[in-house]
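Working notes, structure below.
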Amino acid sequence: MDTINAPLHVSAPKPFALDQQPLYRQLGDAFYTSMPPEKVTSDPVLVHASEAAAKLIGLSPSELALPDFPKVFSGAEPMPGFEPLAMVYSGHQFGHWAGQLGDGRAITIGQARNAAGEIWDIQLKGAGKTPYSRFGDGRAVMRSSIREYLCSEAMAALGVPTTRALSVVGTRRPVLRETVEPGAVVARLLRSNIRFGHFEHFHHGGQPARVRQLADFVIESYFPHLAGEPDAHARWFDEVVTRTARMVAHWQAIGFAHGVMNTDNMSILGDTLDYGPFGFLDAFEPGFICNHTDQMGRYAFDRQPGVALWNLQALAAALQSALPWEAIEAGLNSFIERFVTHYSALMRAKVGLGHSATEADGDLVTDLLGLMKRSAADYSLSFRLLSATDDNPGRAAWTALFDEATRPDAFAWLDRWQARIDQLGLPFERVRLGMDTVNPRFVLRNWVAETAIRAVEDHGDVATLDRIFRLVTRPFEEHGEADARFAEPPAGAMRDLEVSCSS
Ligand code: AMP
Ligand code: MG
């Protein structure tokens with residue numbers, strides 16, 4: 001790979017050891033605009049930072065506390081040696097061709113290669129306008145920044161392929177939305193910023209040579225095991241299909257609705273990208289729509305696998321000049337099977353039958369989902385509490401998740417499930433341990449995210465944000481009694497929260 005390896009020093013003594021210019025530079029300037037962030041603040045304040053994300057780019061926990069940290073990761077001060085850039089892409093939004101979009105409020109300020117050899121883009125989201133901002137102001141508000149930050153790190157902890165978030169920094173500058181809100185900048189880490197929409201941009205712009213160039217670049221940079229192979233492009237598309245299927249299978253299993261599955265929000269690496277109006281299921285409602293703006297329910301929870309395929313078809317159309325049509329067709333045709341394979345395995349593991357593959361086990365899962373739907377039972381708790389049903393209080397707690405009309409069927413299902421688990425011949429404790437490592441006790445429910453946001457916005461209370469961060473980034477642990485309420489579904493007014501697109 002053609003990279004410039006200039007060591008980076010933000011200020012002495014060497015706080016941020018990042019060593020690489022963005023690889024995208026080798027693509028040439030049809031793909032991006034070089035420009036610094038706007039300096040949206042001269043007075044940034046660190047709200048929270050993720051030590052686990054920091055580690056990915058070689059930063060130690062102590063470096064997060066350096067005075068320069070909020071300056072660099074809000075764009076107030078540059079990273080010397082780096083020339084930041086914003087990328088151009090296009091996309092289909094809500095099923096319609098939206099034309100040119102691009103990094104409208106994101107700017108790549110550098111790239112790091114960590115000790116494991118992984119490359120991570122470092123992007124500031126909300127650090128000002130770019131040539132791709134269209135009518136936007138390039139800013140981000142605190143509330144959406146905290147949501148993206150918390151959810152990125154929560155999803156990673158849940159084992160879902162995702163972009164990461166290093167930090168959220170307050171700008172102490174107001175941002176105008178429906179009301180005036182506090183501004184913030186999220187430092188996002190991406191294994192790559194390249195989206196389906198990048199390919200669509202050059203294809204629909206009548207530039208097939210650039211589509212080909214981008215495909216070559218992606219293979220060389222991110223799929224090096226394919227580089228130089230005679231059928232590299234076909235195998236690459238095949239892997240994109242697999243990764244996308246796997247990502248969405250994880251979403252469906254964990255009860256995550258993305259909310260804006262536009263093609264410009266689909267990562268070419270199959271990582272969850274762009275945390276906007278997402279939502280985790282509380283009550284199990286297959287047609288759950290988390291995005292208030294999505295009136296038609298295009299991106300409803302149970303439509304996500306189908307939309308992923310639709311998006312892959314849009315990608316395929318953009319790649320038609322770069323690889324043989326038979327390869328595209330074969331890849332697309334395999335999507336459903338791959339999705340089902342991943343999803344079934346994840347769901348079987350959720351009911352303690354991870355190593356089993358009988359058809360009847362699939363029925364067990366389907367029947368449980370049917371009961372949950374009928375009763376609007378809480379999605380996460382229906383699985384989490386199942387592993388504690390080996391005694392009477394545990395059985396009572398689990399069946400209490402179902403309404404009275406459904407409860408007899410829930411008991412019957414539980415007996416059926418118990419009999420199947422007995423057949424495994426394993427100590428129940430082992431089954432429980434397995435289930436408790438795939439069924440989270442804590443997910444970032446909307447009301448939980450909202451609690452963190454209100455604490456920061458209304459009271460400058462970072463301790464509550466920190467507490468919630470610890471729960472959702474160690475989601476499989478029990479944690480203390482004092483935190484138990486954060487595992488519960490919303491109550492009162494928190495039931496009626498609404499979230500919508502870009503803020
Ligand atoms: P989103 O709905 O967040 O995916 O936004 C779609 C496009 O609009 C993306 O390319 C964003 O970069 C851009 N965008 C969203 N909000 C803003 C904003 N406030 N200023 C500039 N661009 C934005
Ligand atoms: Mg987006």
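Here is the figure for region 450-503: residues that are touching a Gly at 6+ places or on another chain (Cβ under 7 Å) and open to solvent by 50 Å² or more (accessible area, probe 1.4 Å) total 1.
Residue by residue through region 141-153, note down the ones that are open to solvent by 10 Å² or more (accessible area, probe 1.4 Å) and either of a type in the set (Phe, Trp, Tyr) or more than 15 Å from ligand 2 (Cβ to nearest atom) (or both). Passing the criteria: Met142, Arg143. It is to be established whether one or more residues within region 413-425 are open to solvent by 10 Å² or more (accessible area, probe 1.4 Å), of a type in the set (A, V, I, L, M, F, W, C) and at positive phi. Within region 413-425, none of the residues are open to solvent by 10 Å² or more (accessible area, probe 1.4 Å), of a type in the set (A, V, I, L, M, F, W, C) and at positive phi.
Residues that are farther than 15 Å from Met87 by Cβ and open to solvent by 10 Å² or more (accessible area, probe 1.4 Å) were ranked within region 253-268; the one that is nearest to ligand 2 (Cβ to nearest atom) is Val260. Among the candidates Ala327, Ala314, Ala376, the residue that is touching a strand residue (DSSP E or B) at 6+ places or on another chain (Cβ under 7 Å) and under 30 Å from Phe217 (Cβ atoms) is uniquely Ala314. Inclusion of Val248 among residues that are free of Cβ contacts under 8 Å to residues at least 60 places away in the same chain, outside the structural domain of Ser500 (by TED's automatic domain parsing) and away from ligand 2 (no atom under 16 Å from the Cβ) is not warranted. Just give me the residues in region 131-168 being part of a loop (DSSP other than H, G, I, E, B), touching a strand residue (DSSP E or B) at 6+ places or on another chain (Cβ under 8 Å) and not aliphatic (A, V, I, L, M), in sequence order. Within region 131-168, Pro131, Tyr132, Asp137, Gly138, Pro161, Thr163 qualify. Report, by residue number, each residue of region 111-140 that is open to solvent by less than 10 Å² (accessible area, probe 1.4 Å) and either at positive phi or not assigned by TED's automatic domain parsing to the domain that holds Ser60 (or both). Of everything in region 111-140, those that are open to solvent by less than 10 Å² (accessible area, probe 1.4 Å) and either at positive phi or not assigned by TED's automatic domain parsing to the domain that holds Ser60 (or both) turn out to be Gly126, Gly128, Gly138.
A count restricted to region 92-108 and to residues that are within 12 Å of ligand 1 (Cβ to nearest atom), open to solvent by less than 50 Å² (accessible area, probe 1.4 Å) and on the phi > 0 side of the Ramachandran plot stands at 2. Assessment of region 374-381 against the conditions (open to solvent by 60 Å² or more (accessible area, probe 1.4 Å) and touching a residue at least 40 places away in the same chain (Cβ under 8 Å)) yields no matching residue. Taking region 311-358 as the range and being free of Cβ contacts under 8 Å to residues at least 12 places away in the same chain and under 15 Å from Phe199 (Cβ atoms) as the test, no residue passes. What residue, among those in region 28-74 that are in a loop (DSSP other than H, G, I, E, B), in contact with a Ser or Thr (Cβ under 9 Å, 6 or more places away or on another chain) and small (Gly, Ala, Ser), is surrounded by the most Cβ atoms within 10 Å (Cβ to Cβ)? Filtering region 28-74 for residues that are in a loop (DSSP other than H, G, I, E, B), in contact with a Ser or Thr (Cβ under 9 Å, 6 or more places away or on another chain) and small (Gly, Ala, Ser), the one surrounded by the most Cβ atoms within 10 Å (Cβ to Cβ) comes out as Ser74. Of everything in region 126-168, what is under 25 Å from Glu498 (Cα atoms), among the β-branched types (Val, Ile, Thr) and over 11 Å from the mean Cα position of the chain (by Cα)? Give them in sequence order. Of everything in region 126-168, those that are under 25 Å from Glu498 (Cα atoms), among the β-branched types (Val, Ile, Thr) and over 11 Å from the mean Cα position of the chain (by Cα) turn out to be Val141, Ile146, Val168. Counting only residues that are open to solvent by less than 10 Å² (accessible area, probe 1.4 Å) and either in a strand (DSSP E or B) or of a type in the set (A, V, I, L, M) (or both), region 270-291 holds 6 of them. The condition (being within 16 Å of ligand 1 (Cβ to nearest atom), of a type outside the set (S, T, N, Q) and open to solvent by less than 40 Å² (accessible area, probe 1.4 Å)) is satisfied by just one residue among Ala318, Ala322, Ala314, Ala300: Ala314.
Within the bounds of region 228-235, is there any residue that is of a type in the set (Asp, Glu) and either within 16 Å of ligand 2 (Cβ to nearest atom) or open to solvent by less than 10 Å² (accessible area, probe 1.4 Å) (or both)? No, because not a single residue in region 228-235 is of a type in the set (Asp, Glu) and either within 16 Å of ligand 2 (Cβ to nearest atom) or open to solvent by less than 10 Å² (accessible area, probe 1.4 Å) (or both). Are any of the residues in region 261-273 free of Cβ contacts under 8 Å to residues at least 60 places away in the same chain, within 22 Å of Ser145 (Cβ to Cβ) and within 16 Å of ligand 1 (Cβ to nearest atom)? Yes: one or more hits.
The residue pairs whose first member lies in region 66-78 and is of a type in the set (Asp, Glu), whose second member is buried (at least 21 other Cβ atoms within 10 Å of the Cβ), and whose beta carbons are closer than 9 Å, counting only pairs six or more residues apart or on different chains, are Asp68/Val10; Asp68/Phe16; Glu77/Val10; Glu77/Lys71.
The values are calculated or read from the model by the stated rules, or taken from the named source; none is laboratory data. Here the structure is a predicted model, which means the values were calculated and not measured. Neighbour counts are summed over all protein chains in view; Cβ atoms, including those assigned to glycine, are modelled from backbone coordinates with ideal geometry. In case anyone asks, the SASA skips ligands and DNA or RNA and just uses the protein heavy atoms, side chains included. Shrake-Rupley method; radii C 1.70, N 1.55, O 1.52, S 1.80 Å.
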